[in-house]
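Quick note: the coordinates plus some simple rules give every number you see, no bench work behind them. Bear in mind that the values here come from a model prediction, so they are computed numbers and not experimental data. As a convention, Cβ positions derive from the backbone with ideal geometry for all residues, glycine included, and neighbour counts pool all protein chains shown.
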């Protein structure tokens, strides 16, 4: 059985990290029939172990698409295939939660979001934490967001060397 060697691309090496971070982003807004291309590529690799040229020929295009940057795909009721490329930016903290202290943590096509240790943040808080005041924090009704604002506020004041 002749197969092509697997390529190690930056998109492929980040797929696992991206898939683990996706839950914070997907949050149930997507249809149920969306599949992770990296997971389905296991089938292609399994056909190599089974020495089945027929099955390999069937699944190999999906592996090639993954190596080219395919992340998710779904089939619509009209039998159209919708392809989604791997996000161009995914930044996570040491616990693998979406997090970036000075910019976007998630960028996919023209969609971007800001996260602080897995919690969605308004862009202004991440891009301009120096604008956070104790008054803003005390007026925040969302306790998780208020806590995140306190962390950003404290980090800003530690960085300046003041209380």
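Mean shadow of the stretch 47-163, computed from the convex hull of its alpha carbons, in nm²?
Mean projected area of the Cα convex hull: 11.8 nm².
If we count other beta carbons within 10 Å of each Cβ, what is the order of 157, 141, fewest first?
Fewest to most other Cβ atoms nearby, the residues stand as 141, 157.
Sort 48, 42, 86 by Cβ crowding within 10 Å, fewest neighbours at the top.
Least to most surrounded, the residues fall as 42, 48, 86.
Quick check on the exposure proxy: order 108, 35, 116 from fewest to most C-beta atoms within 10 angstrom.
By the 10 Å Cβ count, ascending: 35, 108, 116.
What percent do you get for the relative contact order of the stretch 90-160 when only Cα pairs under 8 Å and 6+ apart count?
Answer for the stretch 90-160 is 20 percent.
Taking just the C-alpha trace of the stretch 94-152, give me its Rg and Dmax in Å.
Rg, Dmax (Cα atoms, Å): 11.6, 36.
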